[in-house]
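Have a look at the structure below, then the notes.
The values are calculated or read from the model by the stated rules, or taken from the named source; none is laboratory data. Computed from a prediction, not measured in an experiment: that's the story for all the values here. Cβ sites come from the backbone with ideal geometry, for glycine too, and all protein chains shown count toward neighbours.
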Amino acid sequence: MKENWNLLGHNWAVDMLRQHVSNGTQRHAYLFTGSRAVGRRSLALAFARALTCVQPPAPGAFCGSCRECRQIAKMQHPDLSIIQAEKEGGMLKVEQIRELRKSVLLAPYQAKYKIILLLRFQEANPSSANALLKTLEEAPSKVILLLTADNAEQLLPTIVSRCEVLRLRPVPTPKLETYLREKGADENKAEFLAHLSSGRPGYALSLLQDETELELRRETIEEFKMLLSASRVKKFDYAQKLSKDKEEFRATLLLWLSLWRDVMLYSAGDKKSIVNIDQRELIDILSVQLSFSEAKRLLESAEKGIGQLKRNVNARLLAENILLDFPKN
Amino acid sequence: MTQAFYRKWRPQKWDEVLGQAHITDTLQNALVGSRVGHAYLFAGPRGTGKTTVARLLAKAVNCQAEDAAERPCDKCDYCKAVNENRFLDLIEIDAASNNGVDDVRDLRDKINFSPSQGQFKIYIIDEVHMLSTPAFNALLKTLEEPPPHAIFILATTEIHKIPATVLSRCQRHEFRRVPLDSIIQQLKIIADGENLDVDDEAAQLIARQSNGGMRDAISLLDQLSSTNERITLDLAQNVLGTATNETVIELIDGIRDENPGVGLQAIHRALDAGSDPRQLARQIVEYLRALMLVQMGNSDQIDATEDVKNRMDAHAKNFSASATLKMMRAFNAAAVDQRGGWQPSLGLELALADVLEINGGALAESAPAPVAQQPTKPKQDAARVRVASERDPGLAPAKRAAPQPQVKSEVAPHPTVSTEELVGAWTGIRARVKQSDRNLEALLNSCKSLEVKGDTLIIGMASEVLASKIEKPEQIASVQKAISGALGANLKIKTMVTTAKGKMPDDVDQNGLVAAAIQAGGEVVK
């Protein structure tokens, strides 16, 4: 992994970026896309380090111990500006971009380049995205813009076409499994987490280090099982409880979504690709009870629910609606 | 730091602009006849050359070359100054960041000063759609009658956001997507200039990928070039995350056989091998589009290898044109889907499931319909029963998940009964069932069609809900008991949904007389 910029997976992207650095052919704008926690930011930061490292051990590599490397790793480098919405799910404002347009005109303080990291750029509102266009097309020399986003389709096409797009894909599960084992997970846990995170190293690692989320998941699955055989009254009670905290509701919906997806895959006969491998039994039973198209319908209702939640619908009504779609026995 | 190719290779003369001859010709003629207008509006998709042409025009009007046809010469001081971005009379404004009314007022105050170097002062207002409404309005008077030394060039990708009052004051030029051939040509020019070794196939893939945006294509070439190797199709596919053709064909096979498992496995295998889900969806759409072309008898428009073409021909016969269209819609939705990526493959999987559901009806409709062997009418129409008999119920996705192993084991190779016999004995069977379970009898009473096929009795119900009620092992067992009691035969039991409206032929008006006749049990005789 040392030769892969200390990153897991994405070898093709690292190879390409390393070539850019060692040949001095790096561009002024890159866009890294991929699911959350797949390693977009880590790759961008590693690239930034490779660009600025003063004593690279090999061409296109970084040492990790010089001042520049350490400062960038801590995101405290004076020539590294990080621009993002104030919180996840927030909005990147046009003032932030205007400020950036001023700051790119200044020469870098200590490094060779001024690196601007624009995180989660899908959260930029249309005016901020438009305000960046001209800078993104013809940035001043010595300025490198690194954008990250969930997927290129969410951004303005004019933004995407100005960047070199690197679409990061999930890390293959076996690879992630080995990595987790190196990090101290036992065999079962490594397999479980690798599947659960579906190829997102960052997420898998956070699950490994912090048990609370797994505990929460376990509880939610217990409740899910309860709901499957619950009466309508109970379901409505649960809906009321769910609708109180939107964040939690969203997390629950995501979990249901993954479970229904597994059921759908199972009933289609694809038993390898499922995510919740610790719940095989439950999924097996459900897949016998439900047909492919029923499972699909449940999956869709959960998916639609997540989208509607974002658009601020009445959460309680939504919860009730989704729960009414649950299979009756 | 080297410049990105799309900046380095920005056309500097008219003939370097590819695929926009309708605009460059017009502008060149205007230059030669010295009939250059005072306000231009360039509109068109990204990466088609708006900013480039705007700069060319700016260069040409101030060029010092003797012959007007030669302008821009790219040699005189002014041309060089423009190329180096230091020409004082070319004012390029980023409307997206200077979008307020104050910015326009500032422009209006300064426009009356005569040019400092050249003959004309050029204002290029890029991304002009982002100007606020007051800003647009403040610009109106100036745009209508600017001083004789000023030329405005507005450029935008979103023409619909420009007020009509601005549109009517400008000469409007619509940029088109650059044709595939022109993009390939340009890629080759750049490859030669940069000493890159690009395979023809790779260039074609890049060009097709860019959808008519020259900048997209050049960016991609740029990206690939940095590996310092020969740019092959393999390399391009790897960076783009393109799946092999086999994946797409396998997936379509899965849809044809109504086997979701095969389709899903094809998707997952491709994604595990590093394909990009959206890219895969786009490939599927492209393949389906080719299928549609074949179906419409336009197969010479497709560029594919012989082998793939043969496969397409076979597939084209398997689906009806409307089914292909619906499949295309479903996968296209997956390709342009904006939802975030919790599970990147989810969009594709849902599209596949959608398609399988749609095709449940469409496929049967397109398959060559044999005449029903045993047209029976227990209660309702024969047409519906026929549809039921055409499809192998074992394959229908809705029924896959309801296996009744214990039922199978009971079945002995008994002499089977015909449908007529069964329909005749149906009342008796129901009476027997009634003794053990009144609700079940009521359910059976509401069945829409009965048919015996081999050793299986297919009961058609009006809705999924009713069908699922019958499909419980104990219910099935008691029906079987009743049948064997009445007829002395062991039959397997399957249910299927035959809604009255769902199976109406497409060309029949749903509310018309014919439809009513079909519902009452009629059959269309050709």
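Just one of (1) surrounded by fewer than 19 Cβ atoms within 10 Å (Cβ to Cβ); (2) farther than 30 Å from residue B:8 by Cα; (3) in contact (Cβ under 8 Å) with a residue 60 or more places away in the chain fails for residue B:159. It is (2).
Among the residues of the stretch B:1-37, those identified as within 13 Å of chain A (Cβ to nearest Cβ) and touching a residue at least 60 places away in the same chain (Cβ under 8 Å) are B:4, B:5, B:6.
Would you mind stating whether residue A:308 is at pLDDT 85 or above and within 20 Å of residue B:347 (Cβ to Cβ)? Yes: the conditions hold for residue A:308. Consider the stretch A:68-90 and keep the residues that are exposed (fewer than 13 other Cβ atoms within 10 Å of the Cβ) and in contact (Cβ under 8 Å) with a residue 24 or more places away in the chain. The one that is nearest to residue A:15 (Cα to Cα) is A:78.
Results for (1) more than 42 Å from the chain's Cα centre (by Cα); (2) surrounded by fewer than 22 Cβ atoms within 10 Å (Cβ to Cβ), shown as yes or no for each residue.
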| site | (1), (2) |
| --- | --- |
| B:3 | no, yes |
| B:16 | no, yes |
| B:29 | no, yes |
| B:43 | no, no |
| B:46 | no, no |
| B:57 | no, no |
| B:62 | yes, no |
| B:79 | yes, no |
| B:82 | no, no |
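With respect to the stated conditions, residue B:236 fails to be at pLDDT 85 or above and either in contact with a Cys (Cβ under 8 Å, 6 or more places away or on another chain) or assigned to a helix (DSSP H, G or I) (or both). Search the stretch B:95-147 for residues being surrounded by 22 or more Cβ atoms within 10 Å (Cβ to Cβ) and of a type in the set (Ser, Thr, Tyr), and hand back the single one that is nearest to residue B:72 (Cα to Cα). Step by step, filter the stretch B:95-147, then rank; the result is B:123. When residues in the stretch B:343-358 are screened for being in a helix (DSSP H, G or I) and in contact (Cβ under 8 Å) with a residue 60 or more places away in the chain, 8 of them pass. Among the residues of the stretch B:319-334, those that are part of a helix (DSSP H, G or I) and more than 9 Å from the chain's Cα centre (by Cα) comprise B:321, B:322, B:323, B:324, B:325, B:326, B:327. On the basis of being in contact (Cβ under 8 Å) with a residue 24 or more places away in the chain, among the small types (Gly, Ala, Ser), within 14 Å of chain B (Cβ to nearest Cβ) and over 18 Å from residue A:4 (Cα atoms), does residue A:50 make the cut? No.
The rows are residues; the columns are (1) on the phi > 0 side of the Ramachandran plot; (2) of a type in the set (A, V, I, L, M, F, W, C); (3) touching a Lys or Arg at 6+ places or on another chain (Cβ under 7 Å).
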{"position": "B:37", "(1), (2), (3)": "no, no, no"}
{"position": "B:41", "(1), (2), (3)": "no, yes, yes"}
{"position": "B:51", "(1), (2), (3)": "no, no, no"}
{"position": "B:73", "(1), (2), (3)": "no, yes, no"}
{"position": "B:112", "(1), (2), (3)": "no, no, no"}
{"position": "B:115", "(1), (2), (3)": "no, no, yes"}
{"position": "B:125", "(1), (2), (3)": "no, yes, no"}
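Residue-wise test of (1) surrounded by fewer than 22 Cβ atoms within 10 Å (Cβ to Cβ); (2) modelled with pLDDT of 85 or more; (3) among the hydrophobic types (A, V, I, L, M, F, W, C).
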position: B:186; (1), (2), (3): no, yes, no
position: B:189; (1), (2), (3): yes, yes, yes
position: B:200; (1), (2), (3): yes, yes, no
position: B:205; (1), (2), (3): yes, yes, yes
position: B:250; (1), (2), (3): yes, yes, no
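Within the stretch B:266-281, being assigned to a helix (DSSP H, G or I), buried (at least 21 other Cβ atoms within 10 Å of the Cβ) and not small (Gly, Ala, Ser) holds for B:267, B:271, B:277, B:278, B:280.
The single residue among B:210, B:219 that is of a type outside the set (A, V, I, L, M, F, W, C), touching a residue at least 12 places away in the same chain (Cβ under 8 Å) and in contact with a strand residue (DSSP E or B) (Cβ under 9 Å, 6 or more places away or on another chain) turns out to be B:219. Per this entry, residue A:13 is not counted among residues that are assigned to a helix (DSSP H, G or I), more than 21 Å from residue B:271 (Cβ to Cβ), touching a strand residue (DSSP E or B) at 6+ places or on another chain (Cβ under 9 Å) and of a type in the set (Gly, Ala, Ser). Checked against the criterion of being touching a Lys or Arg at 6+ places or on another chain (Cβ under 9 Å), within 12 Å of chain A (Cβ to nearest Cβ) and not aliphatic (A, V, I, L, M), the candidates B:212, B:254, B:263 yield just one match: B:212. One residue stands out in the stretch A:296-317 among those that are farther than 30 Å from residue B:463 by Cα and not in a loop (DSSP other than H, G, I, E, B): the one that is farthest from the other protein chains (Cβ to nearest Cβ), namely A:315. Annotation note: Cβ proximity below 8 Å between a residue of the stretch B:286-305 that is β-branched (Val, Ile, Thr) and a residue that is at pLDDT below 80 and not in a helix (DSSP H, G or I) (sequence gap 6+ or interchain) occurs for B:294/B:302.
In summary, no helices (runs of 4 or more DSSP H) completely within the stretch A:73-160 bear 3 or more residues that are facing another protein chain (nearest Cβ under 9 Å) and among the charged types (D, E, K, R). Considering the stretch A:91-129, and only residues there that are hydroxyl-bearing (Ser, Thr, Tyr) and over 24 Å from residue B:132 (Cα atoms), the residue that is surrounded by the most Cβ atoms within 10 Å (Cβ to Cβ) turns out to be A:113. When only residues in the stretch A:265-295 that are within 24 Å of the chain's Cα centre (by Cα) and either aromatic (Phe, Trp, Tyr) or at the interface with chain B (Cβ under 10 Å from one of its Cβ atoms) (or both) count, which is surrounded by the most Cβ atoms within 10 Å (Cβ to Cβ)? It comes out as A:265. Note on the stretch A:21-39: residues that are on the phi < 0 side of the Ramachandran plot, within 11 Å of another protein chain (Cβ to nearest Cβ) and in contact (Cβ under 8 Å) with a residue 24 or more places away in the chain amount to 12. Just one of the numbered conditions (1) under 30 Å from residue A:164 (Cβ atoms); (2) modelled with pLDDT of 90 or more is not true of residue B:37: (1). Scanning the stretch B:458-475 for residues that are in a helix (DSSP H, G or I) and crowded, with 21+ Cβ neighbours inside 10 Å returns a single hit, B:467.
Selection of strands (runs of 3 or more DSSP E) fully inside the stretch B:64-160 by the criterion of at least 1 residues being assigned by TED's automatic domain parsing to the domain that holds residue B:14 and farther than 26 Å from residue B:15 by Cα returns B:90-94.
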